[in-house]
Every structure is written in C-alpha cells, then in structure tokens.
There are 2 protein chains.
Amino acid sequence: MTPHNKKIPRMSLERLPIYYRTLCNLADNGYLRIKSAQLGKIIQIEPTTIRRDFSYFGDLGKSGYGYDIAHLIQIFGEILEVNETQGLALIGVGNLGRALLINNFRRNPNLEIISAYDADPHVIGETINKVTIQPLSDLKATIQTQQIKGVISTVPSHAFQEVVDYLVDCGITSILSFAPEPVHVPKNVHVRYLDLTSEVQNLLLLAEISDV
Amino acid sequence: MTPHNKKIPRMSLERLPIYYRTLCNLADNGYLRIKSAQLGKIIQIEPTTIRRDFSYFGDLGKSGYGYDIAHLIQIFGEILEVNETQGLALIGVGNLGRALLINNFRRNPNLEIISAYDADPHVIGETINKVTIQPLSDLKATIQTQQIKGVISTVPSHAFQEVVDYLVDCGITSILSFAPEPVHVPKNVHVRYLDLTSEVQNLLLLAEISDV
C-alpha cells in the first residue's frame, strides 16, 4: 500500500473490488485491453467515473488505446492484497453464520474464515468445513497465534454491543455486522453494517416509486 | 405512497429503513421526542442530513422541541408499507438460501419469503420453514396466485443472467442478488447487488488505509 492511497476518495476505493473482479473475468476470457466506455457498459458505471477512479492509482490508460488489463489487475490486486490470504473470524454460528462458514468465500482464495465462535454450548466443539467452533472467550488467545484481519458477526442486535466491546478489547479493528443497529466503537475501529431487511425494503421502495 | 415522493432523493430513501427502525426502538424504550442531534449520535448520521431528509416527508419537527417520534413512525411506516406483508420469492436454496429461508425475516413481520425455487432435483420438494421448494419453471404459474413483490436470488454468477431473463419474463421488477456480476435488465427492473466478498474487501481496505 503506497502512502498516496491516503488521498483516494472512499467511493473510489469502494468500487475497486468490482473493477478488479470484472477485469479478472475479462482477462480469463482472453481480453488484453479495455476502454472505459466498454468497461462502463459491463459494470454500469459512468466512463468518466471509471477514468477518474483509475487516475488515482496512477496514469494507467492511453487515450484511444484503452487500459492494459493485466497491468490494472496487478495494480489493483496489490492494493486489495489478493495474493495474501486474509484470515477472518466468524462470531455467531447460527443459520446465517453456518452458511457463511460452509461457503467460506470459496471463489475467493484470498479471503478465509479461519476461526469461528459462538456462545451456545451445543454449538461449541462442532467442526464445520474444517473450522472447530470455540467459545468467544477463546478469541483473545487465538488472535495471538492466528493472523485475524477482520471479523464477520452474525450476532443479533441486542447482544452486539457487548460482543463488539470484547472484540475491540482483543484488538480487532474491522467488523462486518449483519445486525443493523449501530454500535459505539473507538475511532480506529471500522464497522460495516449489512442489513438484509433494509436492503430488501429499499429495493421494494425504489421499484414502487419508479412505478408511480 | 404520495406522489411528491417522486422528488425525494434516492439517498434519503435509502436511509428511511434505518430511521424507521431506530425510531421504533426509541418508542419501545419510552421515548416520545427526539432532536436531530441526538438521533444523529445514535445512527452516526449528520444532524443536517437528518433534518434535510425529514423535510422531504413534510414539516415534521419544531425547532428546539425535536421530532415527535410516534408521528415519524407513522409517516415512515406508511412509506415503507410496514403494515402490509410483502411477499418475496427465493431463488436458489443452497447454504445461504437455506439460512435465509430458516430465518425468513422473523424480526420483520412485513417481509416474508412465501415461495422458494431451485434447479436441483434433490432439493425440489423439500419443505423448509413451511415453504416447499419448487422447480424454477413453476414461478410463472405461482406468481399468478401469490402476490410476490420481489425476488432474493442466491444463484451463482454464471447462471444468473439466464435466471434474471426468466424472472423479467415472469413480470418480476425487484431483484436482490448475492451474485456480484451485473446483469442486463430492462429499465423498469431494479437489481440490487449484495456482494459479501466486496463488503469484506472494502472493510479490510478501509481499515488498512486509515492505519497508514
């Protein structure tokens, strides 16, 4: 990660994984170069946005020629650290947690849930997809030996603040939560909320409004 | 849904579910009024943004007094149609689909998966949480008798375009997809992509950059 990444707008960074994935697909299909207009059509992003985004990562394209796909993949891959497996911990092995552990980002070799935790004594000790579920109190010790880069939590809202306080205490700074209620964390800790209910409600709302 | 909703910015609408849910929580805990500054602290949204958002839904607050929580809940609830159950169809009953069907938005009485479809003959006919899994080809007939407002798809990317074409043909206009690759749909069809891999990658990226 080069220091100038500091200045890259958050929205541009948020688009990086979709750029990266699409370019890998194009390369797999034998493409060598692509113009922003063509890429924009595929991923439904404005070409001007793509060109601006790419410019933050250096002068990567030539006018009229397009972008060199292999070069982009290399640059973006380095930023996303796709060559290095990033270990994740899963907190909460209910129905959703179980599905995440079984799937375990199998299409993305650089992400892997390497340990899982639950509060339910009936679940602790069970092994799913080679990961044995531990009591949450083990996390502090596990984190000393495993390189855990982030946490995925399926802990329900009412218990989440308490769990987050413990995670912060363990030194975790990246948390993806499936519980929608915001929690309080220190400034250096990042929590991303993925609320399925809101996603569906927003979808239905947008469809309805555009029907008016 | 009142016609002036047409003019409400998409970002304001996207925040509506989180406003609604937080206000319901506050009401459950006995609160009657709230100021934008207090609400902003809870949900980590700028008070000016909250006041602007709320203004789109009518003049709902009084300066120095705050917003009447019950009134906001009523207004927002009407827009979100929370009093009316919205039937959803699930396409793809693998690990993730199964978890979604077992959980089935149980904390949100207004959203419900009422039918589920898969291509795998081993899965078709199985009943999960009172929903019997049907072949996808049944959707067109089912949709005549059931009020399906939207579809949740866990179909993998390589098969998704074909499935989407069929959904569009069946008259579906709202699709939430767990496959990240964008698909082509007519203008009146809304597809929302929920890509867990990108979510995790973005999270780790943000944490790393702020560590620089």
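Structural remarks
- Intensity falloff of the protein assembly as shown expressed as log10 I(q)/I(0), Debye formula with alpha-carbon point scatterers, at q = 0.10, 0.12, 0.13, 0.14 Å⁻¹: -0.79, -1.17, -1.37, -1.55
- Here the Karplus curve 6.51 cos²θ - 1.76 cosθ + 1.60, taken at θ = phi - 60°, turns the phi angles of region B:31-48 into couplings of 6, 10, 9, 8, 8, 4, 5, 5, 4, x, 5, 5, 9, 6, 10, 4, x, 5 Hz, with x standing for Gly and Pro.
- Ordering A:Arg51, B:Arg192 by accessible surface, largest first, gives A:Arg51, B:Arg192; the 1.4 Å probe counts only protein heavy atoms, with every chain in place.
- In this structure, the amide hydrogen of B:Asp118, modeled 1.01 Å from its nitrogen in the peptide plane, lies closer than 5 angstrom to those of B:Gly92, B:Gln134, B:Leu136, counting only residues at least 5 positions away or on a different chain.
- Annotation: the antiparallel percentage among DSSP beta bridges lying fully within region A:37-140 is about 30.
- Derived value for region A:10-80: Kirkwood hydrodynamic radius 11.9 Å. Basis is the mean of 1/r over every pair of different alpha-carbon atoms.
- Residue mean of other protein chain beta carbons inside 10 Å, A:190-196: 5
- Projecting the Cα atoms of B:Thr127, B:Phe105, B:Val185 onto the charge dipole of chain B, computed from C-beta unit charges around the Cα centre, puts B:Phe105 farthest toward the positive end.
- The residues of region B:149-169 occluded by other protein chains by 10 Å² or more of accessible area, set against the chain on its own, are B:Lys149, B:Pro156; surface from heavy atoms, 1.4 Å probe.
- The translational diffusion coefficient of chain A, from Stokes-Einstein at 25 °C and 0.890 mPa s with a Kirkwood hydrodynamic radius over alpha carbon pairs, comes to 125 µm²/s.
- Test item: Cα-centred dipole of region B:4-43, Lys/Arg +1 and Asp/Glu -1 on Cβ, debye: 220 debye
- Once the chain from B:Glu112 to B:His184 is taken as fully extended at 0.36 nm per residue, the excess over their C-alpha distance is 23.3 nm.
- Considering all different alpha carbon pairs of region A:86-198, the Kirkwood hydrodynamic radius works out to 14.0 Å.
- FRET efficiency for the pair A:Ser63 and B:Gln38, taken as 1/(1 + (r/R0)^6) with r the Cβ-Cβ distance and R0 = 51 Å, rounds to 0.45.
- Other residues within the sphere of radius under 14 Å centred on the Cβ of A:Val123, judged by their own Cβ, net out at -3 (K and R +1, D and E -1).
- In this structure the protein assembly as shown gives 49 Å² per residue of accessible area when probed at 1.4 Å with all protein chains present.
- FRET E, pair B:His122, A:Thr142, Förster distance 35 Å, beta-carbon r, rounded to 0.05: 0.45
- Take the accessible area of chain B alone and of chain A alone, subtract that of the pair, and you get about 6000 Å² summed over both chains, using a 1.4 Å probe.
- By a 1.4 Å probe calculation restricted to protein chains, B:His184 has an accessible surface near 120 Å², given to the nearest 10.
- Comparing B:Ile34, B:Ile50, B:Ile42 in a Gaussian network model of chain B, where Cα atoms under 10 Å apart are tied by springs, the biggest mean-square fluctuation is seen for B:Ile42.
- When only alpha carbons are used to place a centre, region A:24-39 and region B:13-70 end up 45 Å from one another.
- Normalised convex hull volume, region A:34-148, alpha-carbon set, Å³ per residue: 138 Å³
- A:Asp53 accessible area, 1.4 Å probe, all protein chains in place, Å² to nearest 10: 0 Å²
- Taking a quarter of the surface of the Cα convex hull of region A:141-212 gives a mean projected area of 6.0 nm².
- For A:Ser153, the residues whose modelled amide H falls within less than 5 Å of its own, excluding neighbours fewer than 5 places apart on the same chain, are A:Ile91, A:Leu176, A:Ser177, A:Phe178.
- Share of carbon and sulfur in the accessible area of chain B stands at 51%, probe radius 1.4 Å.
The values are calculated or read from the model by the stated rules, or taken from the named source; none is laboratory data. These figures come from a predicted structure and were not determined experimentally. Note that each Cβ is placed from the backbone with ideal geometry, even for glycine, and that neighbours are counted across all protein chains shown. Each accessible area value is taken on the protein alone, full model and side chains, heavy atoms only, with ligands, DNA and RNA left out. Shrake-Rupley method; radii C 1.70, N 1.55, O 1.52, S 1.80 Å.
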